[in-house]
């Protein structure tokens with residue numbers, strides 16, 4: 001199919017109600033280590049929250065998240081992430097209806113659906129299959145000998161989402177003015193500003209205030 005436009009969707013707390021990276025980490029640690037794994041997860045989560053509170057950039061926190069997977073089998077993570085999606089997809093509140101409805105409308109118009117996320121393929125590929133997305137722009141962990149190294153290619157956070165989306169549109173010969181994007185956090189602002197048809201899930205008061213001032217679409 002020839003696409004005349006693209007629709008870019010953030011994933012966590014835009015299309016789904018949870019932060020997939022952390023939810024999958026908890027699920028994985030509980031499956032593989034039981035109560036000890038849940039204790040490890042709680043310690044990790046406290047660290048991430050403390051770093052966010054003191055203003056550590058989201059890109060740096062994203063890199064640190066993947067460092068915690070160092071030495072873990074990539075196949076094992078992918079298998080458990082797929083199991084996680086299969087379990088969660090049946091929960092009534094897991095997929096956020098307003099954004100999913102917008103995605104469905106874009107797909108019915110023939111737009112190319114692109115998920116843009118700081119999460120990683122093990123999680124996003126089964127979600128993409130559920131949502132009928134065409135492409136993923138995401139953080140990609142490095143793998144050596146079948147195991148995560150702890151390193152990543154460029155985290156798909158903030159301005160890096162914008163750069164990746166712009167490059168994808170340029171390769172396809174599609175004008176940003178014809179495209180749409182949806183996000184829920186102020187870090188999505190530059191991506192939303194890039195396109196002609198931005199939409200906001202009203203989770204972040206700062207982003208919501210901008211959306212109202214600029215008369216952007218607000219998904220409710």
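The values are calculated or read from the model by the stated rules, or taken from the named source; none is laboratory data. Please read these numbers as outputs of a predicted model, since none were measured by experiment. Quick reminder, even Gly has a Cβ in these numbers, built from the backbone with ideal geometry, and neighbours come from all protein chains shown.
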Original post:
Which helices (runs of 4 or more DSSP H) sit wholly inside the range 1-106 and have at least 2 residues that are touching a residue at least 40 places away in the same chain (Cβ under 8 Å)?
Top reply: 20-33, 58-67, 74-88
Subject >> Residue that is farthest from residue 6 (Cα to Cα) [pool: residues in the range 187-220 that are surrounded by fewer than 18 Cβ atoms within 10 Å (Cβ to Cβ) and modelled with pLDDT under 95] >> reply: 203
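The rows are residues; the columns are (1) more than 18 Å from residue 119 (Cβ to Cβ); (2) at pLDDT 95 or above; (3) surrounded by fewer than 19 Cβ atoms within 10 Å (Cβ to Cβ).
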residue	(1), (2), (3)
5	yes, yes, no
10	no, yes, no
13	no, yes, yes
17	no, yes, yes
28	no, yes, no
33	yes, yes, yes
50	yes, yes, yes
76	no, yes, yes
Subject >> From the options 202, 198, residue that is touching a helix residue (DSSP H, G or I) at 6+ places or on another chain (Cβ under 7 Å) and farther than 17 Å from residue 105 by Cα >> reply: 202
**OP:** Please verify whether the range 149-171 includes one or more residues that are over 28 Å from residue 74 (Cα atoms), touching a residue at least 12 places away in the same chain (Cβ under 8 Å) and surrounded by fewer than 17 Cβ atoms within 10 Å (Cβ to Cβ).
**Re:** yes
